[in-house]
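The values are calculated or read from the model by the stated rules, or taken from the named source; none is laboratory data. Keep in mind the model is a prediction, meaning the values are calculated, not measured. Cβ atoms come from the backbone with ideal geometry, glycine included; neighbour counts cover every protein chain shown. SASA here: full protein model, heavy atoms, side chains in, ligands and nucleic acids out. Shrake-Rupley method; radii C 1.70, N 1.55, O 1.52, S 1.80 Å.
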Amino acid sequence: MMPTQLVGQDNHANDVRVKTVYHGHVMITYINHRITLEEFRQEMVATCRFGPDEVFTMKWVDEEGDPCTISTQLELDEALRLYELNRDSELTVHGK
């Protein structure tokens, strides 16, 4: 399964640019700002090419450079809210 929205596709004007960092690789994708936690998890599985049963942790980097875990819908919603509030250029996500 490949990520749903890759760089180079048109019409992401209202989408969130996600910079995913995993094992030294940086990947850019775009997600809808109303994405569910399960959809976001599946996006990370596809982007990082995790196995179906592979356990991983998602963290985003806040404006102060601190990693914040994304493990609930509330945490994902807060990351996206701050992304929009701060008019950030991208949401940076680290997979472990």
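Data table
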| read-out | value |
| --- | --- |
| Evaluation of LYS59 against (1) surrounded by fewer than 18 Cβ atoms within 10 Å (Cβ to Cβ); (2) not in a helix (DSSP H, G or I) (one fails), failing number | (1) |
| Any hit, the range 67-81, residues being aliphatic (A, V, I, L, M), touching a Cys at 6+ places or on another chain (Cβ under 8 Å) and at pLDDT below 90 | no |
| Residue under evaluation LYS19, criteria (1) part of a loop (DSSP other than H, G, I, E, B); (2) at pLDDT below 90; (3) open to solvent by 40 Å² or more (accessible area, probe 1.4 Å), criterion not met | (1) |
| Scope the range 71-96; condition in contact with a helix residue (DSSP H, G or I) (Cβ under 7 Å, 6 or more places away or on another chain) and not β-branched (Val, Ile, Thr); matching residues | GLN73, LEU76, LEU91, GLY95 |
| Qualifying positions in the range 28-38 - open to solvent by less than 70 Å² (accessible area, probe 1.4 Å), of a type outside the set (Val, Ile, Thr) and within 17 Å of GLU84 (Cα to Cα) | TYR30, HIS33 |
| ARG41 being at pLDDT 90 or above and loosely packed, with under 14 Cβ neighbours inside 10 Å | no |
| Filtered residue count, the range 76-93, keeping only those that are touching a residue at least 24 places away in the same chain (Cβ under 8 Å) and either in a loop (DSSP other than H, G, I, E, B) or surrounded by 15 or more Cβ atoms within 10 Å (Cβ to Cβ) (or both) | 9 |
